[in-house]
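Notes follow the structure.
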Amino acid sequence: MSTSAPAQPTAPAAAAAPVERSSARPVWVMAAFAALALLLFGGFGPAGSSTFALSGGGAAVSLPDLPLPGRPSGWVIGLACVALVVVVELARRAGRPAPRWAVPLFAALWVVGFLVWVVAGQRISLVGLLGGGLVLAVPLVFGALSGVVSERAGVVNIAIEGQLLAGAFLSAVVASATDSAWLGLLAAPLAGALVGLLLAIFAIRYLVDQIIVGVVLNVLVLGLTNYLFSTVLSADRSLNSPPGLGPVAIPLLSNIPVLGPVLFNQSVIVYLMYVAVAVVHVALFRTRWGLRVRAVGEHPRAADTVGINVNRTRFVNVLIAGALAGLGGAMLTLGASLAFGQNMSAGKGYIALAAMIFGRYSPKGALAAALLFGLATNLQDILSSISTPVPSQFLLMAPYLATVLAVAGLVGRVRAPAADGQPYVKQ
Amino acid sequence: MELALEGITKRFGSLVANDGIDLVVAPGEVHCLLGENGAGKSTLMNVIYGLYRPDAGRILVDGRPLELTGPGDAMAAGIGMVHQHFMLVPVFTVAENVVLGHEPTKGPKGVGLLDLAGARRRVRELSDRYGLAVDPDALIEDLPVGVQQRVEILKALVRDAKVLILDEPTAVLTPQETDELIAIMRQLTAAGTSIVFITHKLREVRAIADRITVIRRGKVVGSADPSAPENELAALMVGRSVSLGVTKAPPKTGEVTVRVRDLVVRDHAGTRVVDGVDLDIARGEVLAVAGVQGNGQTELTEAIVGLQDAVTGSIRLGETELVGLRTREVLDAGVGFVPEDRTHDGLVGTFSIEENLVLDRHRAAPFAKGPALDRTALRANATQLIGDFDVRASGPEVAAGTLSGGNQQKVVLARELSRPLQLFIASQPTRGLDVGSIEFVHRRIVAERDAGTPVLIVSTELDEVLALADRIAVMYRGRVVGVVPADRHENLRDVLGLMMAGVPEAEAVAQAAAYPSEVEAAAADAGDDPVVTT
C-alpha cells in the first residue's frame, strides 16, 4: 500500500465549520399564513356555522352533517397554526430539521380554516367537493406525469396542452365512430403520442428549441382540432357524440364513508390514473430503466460513456409522455361523458406543467399539486352557486396565489433535472 | 491483455488532432502518454474508448481488430476510462453511479427492478480488494474530487476493465492524493491491469511510468525511459529546449497596500464559501493562493472585484474600501483581474480583439467620442497591444473567440495590464495553455510585480504557485490554513500539499518530513534539481 503520508490526512481545526442553521424564510412564510388565519378565519370569521354534508349520493352508510362554528373554528385553527410555527422555529433554532408532519399538517389546517371561512354559514357537500375536485384534477395529473416522464429524461414538454387536446379530440371521434368508449380510450394515448412524436423528431433529431417546438405544437393542435370541429364534426354530428365512461363503483371500497364515493365511485380513467402514478413512481425510482432515464436527464454525457443511448432514451420517453397526456385528454370527453368542444383543454396543459414543477418533478408531488389545483377549481365552482362573502374571482385566483407563496417560501428552489431542455449532441 | 493502435488518424475539420499514431500498451504496465495541452492525447483516448470514430487506423486487442461503435463496445472489450471531467451524476449515490449502464436487477424478469443492495455489495467488495475507500451510499455531489475519482475507477473495475485509461487524473488532486492514486495504480497493475496515464506533468511521469510515449501536434514524436532527465522529456514534448521555471529576482517588497480582513462570502444557499479570510499583500510581491479547486479561491477573487453578492468584512486597497463597490468602481480604483474562465468571463468571444481590449475603458477618452466609439483609437490601441503582448492573430478585427487559448489569454492580459494598477489579480492564469504561452504569461506577471504592483495569483497547480509566489496562502474549505513564505521549507511542495488538505503548517512540516511524497522521492532519486515545470 501507500508508503507515503497516511491516507486521508485529517484536518483538525480547519475543518470544524460552524453549525449552519437553515434559512428562516419558511418560518416567516408560515408565520404570515398563521397570522392571516387568525385575522381572517378568527377575527373576521363568519358568525354562523359552516356545514359540511358527509354523505354523498348513493353512499351505503349515511352520516350526519358536520357543522363547524365559524369564528370559534377559525380561532382554534389559527392558534394551532401558530403552535406549528413555534414547533418549526424551535427545531430550526436547535439546528434540527422540522418534523416531517409539521408543514403538511399546517397546510391541511389552513385549508380547513379557509373552507369554513368561505362557506360562511352555508352548507356544502364534502363528497361533492372532494369528488368533483378529483375529477377536475385527472387531466392535470396525467399532464403532470407526462411532464415528469419527459423532463426527467431532459426534454421540456410544453406540448402537454396540445397532447391533452389531441387526446380529447381523437378519443371522442373514435368512440363516436365505433360507438365504443373503450376504443376511444385506446385512441387517446395514440393521439397524445403522435404529438409527442412530432416533439421528439424536432427537438431531439433536429435540435429545434424544445420550448418553441412545444408552443408551436400546441397552436398546431388547437388549429387543427378547431378546423376539423367546424368542418367534419359539424357536418356529421354522429362523429361527435361519444358514449361515456361513467362512474363505476368498486365493490366494498366504495362503501367507505366519505372517501369511498370520492375515490372509488369514479370513471375507469380515474382508476387508470391511480395506476399510472404508482407505475411511473416505481419505474422512475426503483427500476433499471428509471435510473437510466434520470441519468440521461441529469448528465447525458456520463450516461453516454457507460453505453446508454441518450437520444433513444429521450425519444421513447417523449412518446410515453405524449401517451400519458393523451390519456388525460380522454377524461375531458369520455370521462365526463361530453362531446368534444373547441379548445377543450383550456390551458390545463400549462397548469399541469405548473403542478409538475410544484411537485418537484416527482409523480407523487405532481399528484398532490394537481389535486390541490383541481380541488381549488371545484371549490370555486361550488361557491359560485351559494352566496359567500368572497368574490368568486378572488377564489379563482386564491389557490394560485397560495401556490406561488408556498413554492417561494416553503418548497424552496425547485431543482430541475440538470440537462432539462438541452439537446444532446454526440461529439 | 495487450492493446495496440495502428495508424490512428482523427480530423476535426481541417485540424488533424491525431496523425497516424501507433502505440502498444503491454499487460500490467503503466504507459504514460505525455504531451502538451492540445497535443491530441485526449482525442486519442476518446478514440480508444469509442467516443470518436477514427478517420483511419485500427485498434487491436491481443492482436485482433476491435470495431468500436460506442463506449459500450470498448467496455465490453475490457477498456475502461476515467475522464478528466468526471462522468458522474452528481445527484446519484456512489453505488448508483458505479452500476449505471450495468445494473444488477432482481425480481421478475423483464421488470428490471434495481438491486441496489447488490450494487452496494459489489462496490464494497471492489473497494476492499483494491483499497479504494468509498461509502456506497454517499451522494457524488457531497464527495471531494479525490474520492469522486475513486468512484470513476470503481466504475471501470466493476466492468472488469483490463486496460484503464486515466486522463489527466492528477489535475484535481493534492500531492498526497496523487500518492494515494499511485498506490491504487500499483495494486491494479499487480493484478494484471494495464494503465494508460495521460499527463503533461513531467514530475509524475517519472514516478510512475513503465514506459513513456510523447505526443506533439497529433504525432508520436518519440518514446522515452522514465529515467530520462526532465529537461530532455520537456524538450521532446515541446519540440524545442525550454527553460523550466521562471527566472525572477528576489522581491523588492514595499509597503502593504492591500488588506483583507475577516472576509466572508456566502453562496446562494447561505454557506460560507469564504469563511473569515485575512490577507495582506505588499507592493512588489506575488501572493499566491494555493488549494484544491473549490475551496473558496474563486469566490475570494470575485469578492475583491465585486462579482459576489453576499460579502461581509473589509477589503482595503490603500485608503479605499472595496467591499460594497460596484465592479466598475473597483476596476477604476486600479484593480486588474484575469478571471479563471477566460473564454466565458474574460472575453466576449464574438467581439473583435480591438473591442475586447477596451471592454473596461470604452466609455471614456480616448476610446469614446461622445456617445460613439472612436474606431481609430481602438485600432491604434489594438495594434500597439497586439505587438507588445505577441498576440498571434491575422488582425485586430478578428473575433477573439477564434483565437487559441494562449492568444486569448494574452488579449486578456494585455487589456488588464495596459492601465496603471494598484492590485493585479490573476486566477488560473495558465490553465490549459501551451508551454510557450505559459512562459510568456509568467514573465508578464513577474514583470508586473517588479514594477511594484501587489499581485494576487490563484492557482490549483502547485507548480505554478511555486514558480511565481513570494508568499503562499493555502485555502481549505473557505479558510486560510496558513501563509508560508516561498523560501521557508526545503520540502515546500509536500508541506503545501498537506496544508491543501487542511493540515496546519506545523503539523504538515512534521508529516512531510516523516513521509516524503513518492513523486518528490522519484525526482530526488534521479538526482535532479527540484526544477519547476508547468
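The values are calculated or read from the model by the stated rules, or taken from the named source; none is laboratory data. None of these values were measured; they are calculated from a predicted model. Note that each Cβ is placed from the backbone with ideal geometry, even for glycine, and that neighbours are counted across all protein chains shown. Remember, those area values only see protein heavy atoms, side chains included, never the ligands or the DNA or RNA. Shrake-Rupley method; radii C 1.70, N 1.55, O 1.52, S 1.80 Å.
Mind listing just one residue for me: the one in the stretch A:256-296 that is surrounded by fewer than 19 Cβ atoms within 10 Å (Cβ to Cβ) and among the hydroxyl-bearing types (S, T, Y) and, of those, nearest to B:E96 (Cα to Cα)?
So the residue we want is A:T287.
Which of the following residues is more than 9 Å from chain B (Cβ to nearest Cβ) and in a helix (DSSP H, G or I): A:L319, A:L338?
A:L319
Run down A:R152, A:R93 and say which single residue is touching a helix residue (DSSP H, G or I) at 6+ places or on another chain (Cβ under 9 Å) and over 27 Å from A:Q380 (Cβ atoms).
Result of the check over A:R152, A:R93: A:R152.
Take the residues of the stretch B:241-256 that are under 18 Å from B:L456 (Cα atoms) and open to solvent by less than 100 Å² (accessible area, probe 1.4 Å): which is modelled with the highest pLDDT?
First pass over the stretch B:241-256, keeping only residues under 18 Å from B:L456 (Cα atoms): B:246, B:248-256.
Now restrict to residues that are open to solvent by less than 100 Å² (accessible area, probe 1.4 Å): B:246, B:248-249, B:251, B:253-254, B:256.
Working: B:V246: 72, B:K248: 84, B:A249: 86, B:P251: 88, B:T253: 91, B:G254: 92, B:V256: 95.
Here the answer is B:V256.
In the list B:A207, B:A249, B:A190, B:A228, which residue meets the criterion of being within 28 Å of B:G57 (Cβ to Cβ) and either of a type outside the set (D, E) or assigned by TED's automatic domain parsing to the domain that holds B:T9 (or both)?
B:A228
Is it the case that the stretch B:235-253 has a residue that's of a type in the set (D, E, K, R), more than 20 Å from B:S459 (Cβ to Cβ) and not in a strand (DSSP E or B)?
yes
For the stretch B:147-160, does any single residue satisfy the condition of being facing chain A (nearest Cβ under 9 Å), touching a strand residue (DSSP E or B) at 6+ places or on another chain (Cβ under 8 Å) and at pLDDT 85 or above?
Yes, because at least one residue in the stretch B:147-160 is facing chain A (nearest Cβ under 9 Å), touching a strand residue (DSSP E or B) at 6+ places or on another chain (Cβ under 8 Å) and at pLDDT 85 or above.
Need at least 1 residues that are at pLDDT 95 or above and aromatic (F, W, Y) per element, so show me which helices (runs of 4 or more DSSP H) inside the stretch B:289-384 make the cut, counting only ones lying wholly within it. Working first, answer last.
On the way: elements: B:297-305, B:327-332, B:353-356.
Once the helices (runs of 4 or more DSSP H) in the stretch B:289-384 are filtered for at least 1 residues that are at pLDDT 95 or above and aromatic (F, W, Y), nothing remains.
Collect the residues in the stretch A:263-283 that are touching a Leu at 6+ places or on another chain (Cβ under 9 Å) and either small (G, A, S) or within 11 Å of another protein chain (Cβ to nearest Cβ) (or both), keeping them in residue-number order.
A:S267, A:A276, A:V282
Listed here are the residues, each with its yes/no results for (1) under 30 Å from B:E180 (Cα atoms); (2) exposed (fewer than 15 other Cβ atoms within 10 Å of the Cβ); (3) at pLDDT 80 or above; (4) not charged (D, E, K, R).
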| position | (1), (2), (3), (4) |
| --- | --- |
| A:A5 | yes, no, no, yes |
| A:A13 | yes, yes, no, yes |
| A:R21 | no, yes, no, no |
| A:A24 | no, yes, no, yes |
| A:A34 | no, no, yes, yes |
| A:G43 | no, yes, yes, yes |
| A:A53 | no, no, yes, yes |
| A:G56 | no, no, no, yes |
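Assuming B:V205 fulfils every condition listed in (1) within 14 Å of chain A (Cβ to nearest Cβ); (2) in a helix (DSSP H, G or I); (3) under 24 Å from B:V292 (Cα atoms) apart from one, which condition is it?
(1)
Spot the failing condition for B:L5; the list is (1) in contact with a helix residue (DSSP H, G or I) (Cβ under 8 Å, 6 or more places away or on another chain); (2) free of Cβ contacts under 8 Å to residues at least 60 places away in the same chain; (3) open to solvent by 30 Å² or more (accessible area, probe 1.4 Å), and only one is missed.
For B:L5, the failing item is (3).
Which one of A:L233, A:L217, A:L245, A:L224 is in contact with a helix residue (DSSP H, G or I) (Cβ under 9 Å, 6 or more places away or on another chain), assigned by TED's automatic domain parsing to the domain that holds A:A181 and assigned to a loop (DSSP other than H, G, I, E, B)?
Exactly one residue qualifies, and that residue is A:L245.
Against the condition open to solvent by less than 30 Å² (accessible area, probe 1.4 Å) and under 30 Å from A:L291 (Cβ atoms), how does A:L115 come out, does it pass? Give the steps one after another, and end with the answer.
Working: open to solvent by less than 30 Å² (accessible area, probe 1.4 Å): yes; under 30 Å from A:L291 (Cβ atoms): no.
Criteria not met by A:L115.
Kindly list the number of the only condition in (1) buried (at least 24 other Cβ atoms within 10 Å of the Cβ); (2) without any contact (Cβ under 8 Å) to a residue 24 or more places away in the chain that fails for B:V455.
Of (1) buried (at least 24 other Cβ atoms within 10 Å of the Cβ); (2) without any contact (Cβ under 8 Å) to a residue 24 or more places away in the chain, only one is false for B:V455: (2).
Let's see how each residue does on (1) at pLDDT 90 or above; (2) small (G, A, S):
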site	(1), (2)
A:G335	yes, yes
A:Q342	yes, no
A:S362	yes, yes
A:L372	no, no
A:T377	no, no
A:S384	no, yes
A:V390	no, no
A:F394	no, no
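Just need a number here: residues in the stretch B:114-129 that are surrounded by fewer than 20 Cβ atoms within 10 Å (Cβ to Cβ) and out of contact with any Ser or Thr (no Cβ under 9 Å at 6 or more places or on another chain).
So the answer is 7.
Criterion first (within 29 Å of B:V274 (Cβ to Cβ) and buried (at least 19 other Cβ atoms within 10 Å of the Cβ)) does B:L385 satisfy it?
Against the criterion (within 29 Å of B:V274 (Cβ to Cβ) and buried (at least 19 other Cβ atoms within 10 Å of the Cβ)), B:L385 does not qualify.
Taking the stated definitions as given, is A:I201 aliphatic (A, V, I, L, M), assigned to a helix (DSSP H, G or I), out of contact with any helix residue (DSSP H, G or I) (no Cβ under 7 Å at 6 or more places or on another chain) and farther than 18 Å from A:K348 by Cα? It would help to see each step written out before you state the result.
Working: aliphatic (A, V, I, L, M): yes; assigned to a helix (DSSP H, G or I): yes; out of contact with any helix residue (DSSP H, G or I) (no Cβ under 7 Å at 6 or more places or on another chain): yes; farther than 18 Å from A:K348 by Cα: yes.
So A:I201 fits the description; yes.
Sort out which residues of the stretch B:210-235 are over 22 Å from the mean Cα position of the chain (by Cα) and closer than 21 Å to B:M45 by Cα, and write them in order of number.
Passing the criteria: B:D210, B:R211, B:K219, B:V220, B:V221, B:G222, B:S223, B:A224.
How many of the residues in the stretch B:265-278 are in a strand (DSSP E or B), within 11 Å of chain A (Cβ to nearest Cβ), over 25 Å from the mean Cα position of the chain (by Cα) and on the phi < 0 side of the Ramachandran plot?
Of the residues in the stretch B:265-278, 0 are in a strand (DSSP E or B), within 11 Å of chain A (Cβ to nearest Cβ), over 25 Å from the mean Cα position of the chain (by Cα) and on the phi < 0 side of the Ramachandran plot.
Can you find, within the stretch B:468-477, the residue that is farthest from the other protein chains (Cβ to nearest Cβ) among those that are open to solvent by 10 Å² or more (accessible area, probe 1.4 Å) and more than 13 Å from B:V292 (Cβ to Cβ)? Show your work before the answer.
Initially, the stretch B:468-477 is screened for residues open to solvent by 10 Å² or more (accessible area, probe 1.4 Å), giving B:470-471, B:476-477.
Retained after the next criterion (residues that are more than 13 Å from B:V292 (Cβ to Cβ)): B:470-471.
Values: B:D470: 23, B:R471: 19 Å.
Ranking the candidates gives B:D470 first.
Quick one: would you say A:A346 is in a loop (DSSP other than H, G, I, E, B), closer than 25 Å to A:L245 by Cβ and open to solvent by 20 Å² or more (accessible area, probe 1.4 Å)?
On the way: in a loop (DSSP other than H, G, I, E, B): yes; closer than 25 Å to A:L245 by Cβ: yes; open to solvent by 20 Å² or more (accessible area, probe 1.4 Å): yes.
Here the answer is yes, as A:A346 does meet what is asked.
Within the stretch A:107-142, restricting attention to residues that are over 25 Å from A:G260 (Cα atoms) and assigned to a helix (DSSP H, G or I), which residue is modelled with the lowest pLDDT?
A:V118
Of all the residues that make up the stretch B:130-142, how many are surrounded by fewer than 20 Cβ atoms within 10 Å (Cβ to Cβ) and either polar (S, T, N, Q) or in a loop (DSSP other than H, G, I, E, B) (or both)?
Here the count works out to 5.
Does B:R159 satisfy the criteria of being touching a His at 6+ places or on another chain (Cβ under 7 Å) and under 19 Å from A:R292 (Cβ atoms)?
Judged against the criteria, B:R159 is a match.
Please enumerate the residues belonging to the stretch B:478-510 that are facing chain A (nearest Cβ under 9 Å), at pLDDT below 90 and open to solvent by 10 Å² or more (accessible area, probe 1.4 Å).
Listed by number, the list holds a single entry, B:A501.
Here is a check on your reading of the model: is A:A330 crowded, with 23+ Cβ neighbours inside 10 Å, assigned to a helix (DSSP H, G or I), within 14 Å of chain B (Cβ to nearest Cβ) and not β-branched (V, I, T)?
no
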